[in-house]
Structures are given as C-alpha cells and as structure tokens.
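Colleague: Can you keep this structure in mind? I'll have questions shortly.
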Amino acid sequence: MSGAGLQARLVSAAAPNDAQRERLTAYLERKYGQSVELLWCEDKRIAGGFRIEIGSEIIDWTTGGRLSQLKERLSRLSAAGQSVIPLVRETVESWVPEVLAYEVGTVLTVGDGIARVDGLSGASYGEILLFEGGVRGMVQDLAERSIGCILFGDYESVRAGGAVRRTGRTAGVGVGEGCLGRVVNALGVPIDDLGDITTDTYRPIESPAPGILDRQSVNRPMETGILSIDSMFPIGRGQRELIIGDRQTGKTAIAVDTILNQKGKDVVCIYVAIGQKASSVAQLAALLRAHGAMDYTCIVCAGASDFASMQYIAPYAGCALGEYFMEKGRDVLIVYDDLSKHAIAYRALSLLLGRSPGREAYPGDIFYLHSRLLERSAHLSAARGGGSMTALPIVETLDGDVSAYIPTNIISITDGQIYLESSLFFAGQRPAVNVGLSVSRVGGAAQTKAMKKAVGSLRLDLAQYREMEAFTQFSSDLDDETKQQLSYGQSLMRMLRQNRSHPYSLAQQVVLLVSALGHVQQELPIERIEAFNAAMLADFAAQQSILMGELERTETLTDEGRRAILAQARESLKSFLAAQR
C-alpha cells in the first residue's frame, strides 16, 4: 500500500508496454475506486497471460488460471446432474474467461489435519477453501488474527507459506436418485468401485431445520419389524428415536433390521457409518444387497482410518441427502452409527483448533453440534409436500453409564430411546431391550389400531414379571399362583426373542401378541416356545391367509379376528404337541 492509494504487482514473463500498463491501471482504478500504482515483477514460469496481486486479492489471467475457471464451470455442470455431454459442448463453445478477483491468503501452520490461514478477512464459517495441490478445507474457526480450517483428504501437499484462496461456496454434496444403491464417502465420492454417480443437484451439508409451521404431528408408523419395539415403543415417521447401549449389544442390528423391513414400502434409507472398520461396512453392504435392500439405501461411510474432518461432516452429508428426498414428498429413514464417535472426532478437531474444553474435555458447543443435526428430521406439512425424515441415532455407553455427557445430551434432544441392556443380551434375550428404561415420547400416536388393540397389557405384565423375578430369585418355596405368573412372564420374554435379519410383518406381530397374551405359549416348556412360534406363523400363512391379508390391509383388529387368531393358535399348539411326541 502507498499513501496515495493502492499498490498492485503485475507478474508476467515479459514486461508490459506503455499501452498495456495504461489499460491495466485504468481498469484497476475503476474496480477499486482509487488510484493504483502498478509494479511489474518478472516470472519466467508464467507461460502465457499475467497475474495481478493487489492486497489480499489475485486476478489470475494466466493460461492456468483461465483453464481453472473452465474446469470450475464444468464441475458445476456435472453437479447439476443433467445430460452433461451437450451442456459441456455448449459451455466450451460459448465460454469466455471472466476477470475474477480471488481473495488469497497464506498458510501459517499446518498439521494434524488443521491449517491456520492468514489474509482471508472475508471468509465465512463453513466456507470451502482451496489450497495448493487441489486440497480442500472448510473454515471452522474465525479468530481475530487468523482462520482455522479443517482439511479433507490427503493434505501432504499443503505447506506453511503456501497460497490458499476462497471459493465462495459452502461445503456440500451431490444428491439425487443416483446415490441409491451406492457406498459414498463424506464428500459424496463413490468408494464402491461401481463407477461415477450422476447426481441431480448440489446441496449444502448444513441447512436450517424446518420451522414449527413447516411441520405436522408425527402420526404414521415407521415399522421396524421388531416385535418388542413396534409393540411397546413405536417409532413414527419424522421421529428421532435414540438407540443406546454398551458395545456389542445389538444396536446396529436393530437399525439394519429396520432398513430391511422397509422393502416395498417406498422408504429411502440412508446409513451413515462413522468411525467403523471398512470390513464392517463392506459386510453390511453385502447383507443389504443379499436382501434386496441396497436398491433403496445409500451408505455414507467415514471409516476409522479416515481423517477426523471426514467423520465430522459425514452425518451432515447424509442428512443433506435425506432432505433432498424429504422435500420431494418422500419418506426417509436415516441411521447415524454412531454419534459417540462423531462427538469424539469433533472433540479432536476442536482441541486442535485451540478451543477450551469443558465437561469431559468436550467443547461447549457439542450440544449444538447434535441438536442442529437431529432437528432437521421432521414430518413436513402438507404445504411442504408431506415428506418425512426419521432419525435413528446410535450412542455407545461405557458400562451402562447413561448419565455421561454425550448420552444425556442426545437423550434430551431425541423423542425417546431404546435402551439395550448387556445382562439381557448375554442371557440370550435378543434384541436386549430394557422395557423399564426404554420409551417413545410419540407413543400410540404412531401405532396402528391393530397393534394398539393386540398389545393390551404387555408392558405392564412384563414390568410385573421383572419385579417378581427380582423378588423371588432367592426364594425356593413359591406358591402355585406365583409360579404361574413367573411362567407367564417367561413365555412373554421368549415371545419377544427375534432372530437378526428376520423382521415381522404387522399381521405376524398381531398373531404373536394375541396368542401370547392369551396364554397359549404358556402351556409349552420355555425352550420350545420359539420353535412353536415359527410353526404357528407357518400355519397362519397356509390356513389363515385371508385373515392375515385383512390385518395388513385394514390395520385393524376386530373382536372376531382376535377370536379367530386364538382358535387357530390353539389348533397349532395341538398339532405342535402331537408332532413332538
């Protein structure tokens, strides 16, 4: 800078003549509204054109700079997802380079996936920055003297003293129908070796949650196919239901079975894997393909070997994809597996950025991190298309401690939780749902009439059984009534056992509930109940197909239907006992 005005550096291989210098000076004075002193600097590496450096901005009119403009224009075409080839031809034929002034800064420090940048006074939070070597980063910290930026991908080419420029774009991903059936990373890039993805549009990963007037009540069920959940803790479309429990207690199994149960129901499913092993994600994708579920599912993967920055943005990228379908009036199910690892990744980034740690070394904004993610799940109003996005966040506890920082945060954000208990899991009760600690704050509002009528007093009966079991475990002399109550409770617990990847239909769930609450299974030894249930459902499919079809179609259970179910269940019991002799 000079006292009279601005000072600009003209960098080129050859010195400008007087006419060229005069035209460039006049252009700069018009652009910046004050006098400009133009200084020439020689750089033989510039093959054609020139570069003007003025303050923190650069006008790049070199051959490479103009080609970068064209590349950026073409990348936006591909993100639009239309028929790209004619658009590319038209763009190349009609393209005229623009005189663009890029705000350019300097890398102060770089390490551990974090870069400190100086000179980008106009940068905004969440904006994408472009470093030398094509590395991209996202602004995460706006300090008084510098900017903190998280880096995506391999950042070996980023060096202190290197140039970095603003793009003016916030972080986003390509979204569209082409994402279904694919496995992508947190930037929307396919990682399943099935070729490129044609997307419909580009969507920012961060967007405001729908307002109150843009929502309607949660009143339609999102059936999981898991009897213990659909009967006692129903999940509605647009709800946020937390799945919580210790490591290896079946949390992911519940989410995956819910995805499998959406087959043929026109529900788009998104599974976000955060901090998991690549082999586990590959096995999950193979399981979904084997059951025909990948046709309506997209897996967003930020694995354990990925940078913390990728794990941080993965759930937001998955949410942006879900919002695309939700705003088209469709129903979406999104699983975040799991937000404990997401919080740990964000804690690592925050500490590297120099933010003060708070409780359990997490930064103070960790609540806002998850609330602004989960609040984007909703059941939109009819004016907004009526679509919905149902969230199933997963949280891992340590030794059953639900009072830790992250579990209590997310419990307070969600509309209920399904708590999986280790002792039940190791006792063979799977899914290991703790009836006392689990809850759905939507409740019967998202339950079919048939399920409401069939479930009856199930939850109360189980609570009484658990209380009596704890009271009588040290007693050896029990009266007949107590033995009957214990036997009944044990038959209910066995009825709720369910194999993985075998979701029940609504009609099958109603049959199991009506027969169990009618004490049919109580007449069997405990170890034979599961085999009987399978045989009974096969009998209903063969002999009561009209009744089963009526239950699925009307979603109501009449008194006559209940009597018919009990009669058939007792006939199946007679046949089962006769076959076992």
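The values are calculated or read from the model by the stated rules, or taken from the named source; none is laboratory data. Remember, it's a predicted structure, so these values are computed and weren't measured experimentally. Every residue, glycine among them, receives a Cβ derived from its backbone with ideal geometry; neighbour counts consider all protein chains shown. Side chains included, ligands, DNA and RNA excluded: accessible areas come from the protein's heavy atoms. Shrake-Rupley method; radii C 1.70, N 1.55, O 1.52, S 1.80 Å.
Colleague: For a quick check of your reading of the model, give me the residue pairs whose first member lies in region 174-197 and is in contact (Cβ under 8 Å) with a residue 24 or more places away in the chain and at positive phi, whose second is basic (Lys, Arg) and open to solvent by 30 Å² or more (accessible area, probe 1.4 Å), with beta-carbon atoms closer than 6 Å and at least 6 apart or on different chains.
Modeller: none
Colleague: Would you be able to tell me the number of residues in region 312-366 that are open to solvent by 10 Å² or more (accessible area, probe 1.4 Å) and part of a loop (DSSP other than H, G, I, E, B)?
Modeller: Of the residues in that region, 12 qualify.
Colleague: Looking only at region 396-413, decide whether some residue is within 22 Å of MET222 (Cα to Cα), open to solvent by less than 10 Å² (accessible area, probe 1.4 Å) and not aromatic (Phe, Trp, Tyr).
Modeller: The answer is yes, given that some residue of region 396-413 is within 22 Å of MET222 (Cα to Cα), open to solvent by less than 10 Å² (accessible area, probe 1.4 Å) and not aromatic (Phe, Trp, Tyr).
Colleague: Any idea which of (1) loosely packed, with under 15 Cβ neighbours inside 10 Å; (2) part of a loop (DSSP other than H, G, I, E, B) is the one GLY168 doesn't satisfy?
Modeller: The number of the failed condition is (2).
Colleague: While we're here: For region 200-244, how many residues meet the condition of being assigned to a loop (DSSP other than H, G, I, E, B), touching a helix residue (DSSP H, G or I) at 6+ places or on another chain (Cβ under 8 Å), small (Gly, Ala, Ser) and open to solvent by less than 40 Å² (accessible area, probe 1.4 Å)?
Modeller: Going through region 200-244 one residue at a time, the tally reaches 2.
Colleague: For a quick check of your reading: which helices (runs of 4 or more DSSP H) sit entirely within region 422-484 and have at least 2 residues that are in contact with a Cys (Cβ under 8 Å, 6 or more places away or on another chain), within 20 Å of VAL514 (Cα to Cα) and open to solvent by less than 20 Å² (accessible area, probe 1.4 Å)?
Modeller: Where helices (runs of 4 or more DSSP H) fall fully within region 422-484, none carries at least 2 residues being in contact with a Cys (Cβ under 8 Å, 6 or more places away or on another chain), within 20 Å of VAL514 (Cα to Cα) and open to solvent by less than 20 Å² (accessible area, probe 1.4 Å).
Colleague: Okay, next question. Taking the stated definitions as given, is GLU396 among the acidic types (Asp, Glu) and over 23 Å from GLU530 (Cα atoms)? Talk me through it step by step, then tell me what you get.
Modeller: Numbers: among the acidic types (Asp, Glu): yes; over 23 Å from GLU530 (Cα atoms): yes.
Yes.
Colleague: Keeping to region 245-295, report how many residues are of a type in the set (Ser, Thr, Tyr), open to solvent by 30 Å² or more (accessible area, probe 1.4 Å) and either touching a Cys at 6+ places or on another chain (Cβ under 6 Å) or closer than 14 Å to GLY225 by Cβ (or both).
Modeller: Of the residues in that region, 0 qualify.
Colleague: Within region 317-331, does at least one residue satisfy the condition of being aliphatic (A, V, I, L, M) and in contact with a Ser or Thr (Cβ under 8 Å, 6 or more places away or on another chain)?
Modeller: yes
Colleague: Quick one: in region 175-218, which of the residues that are of a type in the set (S, T, N, Q) and within 17 Å of the chain's Cα centre (by Cα) is nearest to PHE307 (Cα to Cα)?
Modeller: ASN185
Colleague: Filter region 289-311 down to the residues that are in a helix (DSSP H, G or I) and not polar (S, T, N, Q) and list them by number. I'd like the intermediate steps shown before the answer.
Modeller: Here is the first cut: in region 289-311, the residues in a helix (DSSP H, G or I) are 289-290, 294-296, 308-311.
The answer is ARG289, ALA290, MET294, ASP295, TYR296, ALA308, MET310.
Colleague: Taking region 524-574, which residues are in contact with a helix residue (DSSP H, G or I) (Cβ under 9 Å, 6 or more places away or on another chain), exposed (fewer than 13 other Cβ atoms within 10 Å of the Cβ) and farther than 20 Å from ALA450 by Cα?
Modeller: Answer for region 524-574, where residues must be in contact with a helix residue (DSSP H, G or I) (Cβ under 9 Å, 6 or more places away or on another chain), exposed (fewer than 13 other Cβ atoms within 10 Å of the Cβ) and farther than 20 Å from ALA450 by Cα: GLU527, ALA531, ALA538.
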